[in-house]
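Enquirer: Supplied in structure tokens, the structure appears directly below.
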Amino acid sequence: MTLLTIAGLTGGYGETDILNGIDLTLDEGEILTVAGTNGAGKSTLAKAVMGLLPRVAGRVMLGSADILHEPVERRLALGIAYVPQVGNVFPTLSVIENLQVVAGVPDQRGRIAEMFATFPALAERRRARAGSLSGGERQQLAFARALMARPRLIVLDEPTAALAPARVAESFERIRALPSLGVSVLMVEQRARQALAVSDRGCILDGGRVAMLGEAATLLADERAAALYLGRVGGA
């Protein structure tokens, strides 16, 4: 069943359009990677889905709900979570306090226990300040915070950008497991090959438009996609 529908989406900042007519769908239980070169509109698309883009037109539907002009708070309430590239945890709060401040979570104590079971490294450091965590631990905390409210969709904006190279593969394995927790994933990622390897489908943007769209395995095997957008085999 289709969870997210984006149709004819345009928008940007000031008078400049960065998105130039995006058509895209995301199914329930699916991981969809949005890739492309720098400036293609990837992170702008993520912000548009979350209601963080100041000027938009077209359609953004979550299920049957039109959310194009809904504020961020309403989108959160409808079941969209967002993990930005930076500023995704409160560094001066402890791990457990970062989870406790998520509002509107029924049986918060039980949900925190579930997050600690899902991310055991966080359980071990529950009293540590988030600012003292490693990059991988901080990402786990950002994921756990986003999952606390049991969202239907999680939007990840460059989730591996701040990670040490040795932790990138672990991160993608965590992302691969997210649908088993009952959430669909829209992932914007510069490491296109590795992201597509854990995804069901992929979308490649170029100049704010969809240049290629299809099954992740098909895009990975496509010579044109490799030459223009994905880089060398084994590269980022």
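The values are calculated or read from the model by the stated rules, or taken from the named source; none is laboratory data. Computed from a predicted structure; not experimentally measured. All Cβ positions, even for glycine, are placed from backbone atoms using ideal geometry, and neighbour counts span all protein chains on display.
Enquirer: Output the residue which, of all residues in segment 125-143 that are in a helix (DSSP H, G or I) and among the polar types (S, T, N, Q), is farthest from the chain's Cα centre (by Cα).
Expert: Out of the qualifying residues, it is Ser132.
Enquirer: Among the candidates Ala149, Ala162, Ala169, Ala195, which residue alone is out of contact with any Pro (no Cβ under 8 Å at 6 or more places or on another chain), surrounded by fewer than 16 Cβ atoms within 10 Å (Cβ to Cβ), in contact (Cβ under 8 Å) with a residue 40 or more places away in the chain and not hydroxyl-bearing (Ser, Thr, Tyr)? Explain how you work it out, then say what you get.
Expert: Numbers: Ala149 fails: surrounded by fewer than 16 Cβ atoms within 10 Å (Cβ to Cβ); Ala169 fails: in contact (Cβ under 8 Å) with a residue 40 or more places away in the chain; Ala195 fails: surrounded by fewer than 16 Cβ atoms within 10 Å (Cβ to Cβ).
Criteria check complete, one pass: Ala162.
Enquirer: Still on this model: State yes or no: is Leu122 surrounded by 22 or more Cβ atoms within 10 Å (Cβ to Cβ) and free of Cβ contacts under 8 Å to residues at least 40 places away in the same chain?
Expert: Working: surrounded by 22 or more Cβ atoms within 10 Å (Cβ to Cβ): yes; free of Cβ contacts under 8 Å to residues at least 40 places away in the same chain: yes.
In short, yes.
Enquirer: Need a quick list: strands (runs of 3 or more DSSP E) entirely within segment 1-108 having at least 1 residues that are in contact with a Pro (Cβ under 7 Å, 6 or more places away or on another chain). Reasoning before the result, please.
Expert: Working: elements: 2-13, 16-27, 31-36, 55-62, 80-83.
Output list reads 2-13, 31-36, 80-83.
Enquirer: For segment 1-51: of the residues being closer than 24 Å to Glu173 by Cα and among the acidic types (Asp, Glu), which is surrounded by the most Cβ atoms within 10 Å (Cβ to Cβ)?
Expert: Glu30
Enquirer: While we're here: When the residues of segment 107-119 are filtered to those that are aliphatic (A, V, I, L, M) and in contact with a helix residue (DSSP H, G or I) (Cβ under 6 Å, 6 or more places away or on another chain), which remaining residue is surrounded by the most Cβ atoms within 10 Å (Cβ to Cβ)?
Expert: Within segment 107-119, the subset aliphatic (A, V, I, L, M) is 112-113, 115, 117.
Now restrict to residues that are in contact with a helix residue (DSSP H, G or I) (Cβ under 6 Å, 6 or more places away or on another chain): 112, 115.
Working: Ile112: 21, Met115: 23.
It comes out as Met115.
Enquirer: Now, a different point. Find all pairs meeting these conditions: Cβ atoms under 8 angstrom apart; at least six residues apart or on different chains; first residue within segment 1-30 and within 21 Å of Arg201 (Cα to Cα); second residue of a type in the set (Val, Ile, Thr) and not in a strand (DSSP E or B).
Expert: So the pair list comes out as Leu4/Val49; Ile6/Val49; Leu19/Thr44.
Enquirer: Could you grab me the full set of residues in segment 104-118 that are within 20 Å of the chain's Cα centre (by Cα) and free of Cβ contacts under 8 Å to residues at least 40 places away in the same chain?
Expert: The initial filter retains those residues of segment 104-118 that are within 20 Å of the chain's Cα centre (by Cα), namely 115, 118.
Correct list: Met115 only.
Enquirer: Please pick out the residue among Thr37, Thr33, Thr92 that is among the β-branched types (Val, Ile, Thr), touching a helix residue (DSSP H, G or I) at 6+ places or on another chain (Cβ under 6 Å) and on the phi < 0 side of the Ramachandran plot.
Expert: Details: Thr37 fails: touching a helix residue (DSSP H, G or I) at 6+ places or on another chain (Cβ under 6 Å); Thr92 fails: touching a helix residue (DSSP H, G or I) at 6+ places or on another chain (Cβ under 6 Å).
Answer to the check: Thr33.
Enquirer: Also: Kindly provide the set of residues from segment 83-100 that are modelled with pLDDT of 95 or more, within 21 Å of the chain's Cα centre (by Cα) and surrounded by fewer than 17 Cβ atoms within 10 Å (Cβ to Cβ), ordered by number.
Expert: Those that are modelled with pLDDT of 95 or more, within 21 Å of the chain's Cα centre (by Cα) and surrounded by fewer than 17 Cβ atoms within 10 Å (Cβ to Cβ): Phe90, Pro91.
Enquirer: Hey, another quick one. Considering only segment 36-62, state which residues are without any contact (Cβ under 8 Å) to a residue 60 or more places away in the chain and of a type in the set (A, V, I, L, M).
Expert: Those that are without any contact (Cβ under 8 Å) to a residue 60 or more places away in the chain and of a type in the set (A, V, I, L, M): Ala48, Leu52, Leu53, Val56, Ala57, Val60, Met61.
Enquirer: Enumerate the pairs (first residue in segment 215-230 and at pLDDT below 95; second residue anywhere and surrounded by 15 or more Cβ atoms within 10 Å (Cβ to Cβ) and hydroxyl-bearing (Ser, Thr, Tyr)) with beta-carbon separation below 8 Å, excluding pairs fewer than 6 apart on the same chain, so at least 6 apart or on different chains.
Expert: That search, which allows pairs on different chains as well, returns Tyr229/Thr37.
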